[in-house]
Amino acid sequence: MSKDAQNGMIHNNFSANTTIVGNINAGGDIRIDGTLQGNVECGGRVIVGEQSHIQGNIVAANAEINGKIHGNITVSDTLVLRATAVIEGDIATGTLVIEPRAHFNGTCKMQNTPAK
């Protein structure tokens, strides 16, 4: 195993000038800076860049949203909506952090998570 893999620094990434049509399944972290027409299922953390646009649902352990999402978001641990986030859809999460100026149109359900 490489040193980066041991430190958890390796993740999947696709750039701002990339469009993917289809679903993404990632066992580890993923960063999306392009356009996705499909769903994301991630065992780790999803980071959606400021220029990103996702038309689909996201299911992940943790997520940080900086771009636009038209779909539902389900995060088992912590979801962070940055000031540039625009969400059109429903949210289910354990912990929700919303920065001022973030836009969210939908419903939110806080999931019960067991104490660690």
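The values are calculated or read from the model by the stated rules, or taken from the named source; none is laboratory data. Since this is a predicted model, take the numbers as computed values, not measurements. Glycine gets a Cβ as well: all are built from the backbone with ideal geometry, and neighbour counts include every protein chain shown.
Inspect all residues belonging to region 65-74 and state whether any of them is modelled with pLDDT of 95 or more, of a type in the set (Ser, Thr, Tyr) and surrounded by fewer than 16 Cβ atoms within 10 Å (Cβ to Cβ).
Kept after step one, since they are modelled with pLDDT of 95 or more, are these residues of region 65-74: 65-74.
Filter once more, keeping what is of a type in the set (Ser, Thr, Tyr): 74.
Now drop any that are not surrounded by fewer than 16 Cβ atoms within 10 Å (Cβ to Cβ), which leaves none.
No - not one qualifying residue is present in region 65-74.
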Here the residues within region 48-64 that are surrounded by 16 or more Cβ atoms within 10 Å (Cβ to Cβ) and over 14 Å from Thr35 (Cα atoms) are Val59, Ala60, Asn62, Ala63, Glu64
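Taking region 39-92 on its own, how many of its residues are of a type in the set (Asp, Glu), assigned to a strand (DSSP E or B) and over 11 Å from the mean Cα position of the chain (by Cα)? Working first, answer last.
We begin by selecting, within region 39-92, every residue of a type in the set (Asp, Glu); these are 41, 50, 64, 77, 88, 90.
From the residues that got through so far, the ones that are assigned to a strand (DSSP E or B) too are 41, 64, 77, 88.
Imposing the further condition that a residue be over 11 Å from the mean Cα position of the chain (by Cα) reduces the set to 77, 88.
Residues meeting the conditions: 2.
For region 1-32, name all the residues that are among the polar types (S, T, N, Q) and either part of a loop (DSSP other than H, G, I, E, B) or modelled with pLDDT of 80 or more (or both).
Narrowing region 1-32 to residues among the polar types (S, T, N, Q): 2, 6-7, 12-13, 15, 17-19, 23, 25.
Hits for region 1-32 are Ser2, Asn7, Asn12, Asn13, Ser15, Asn17, Thr18, Thr19, Asn23, Asn25.
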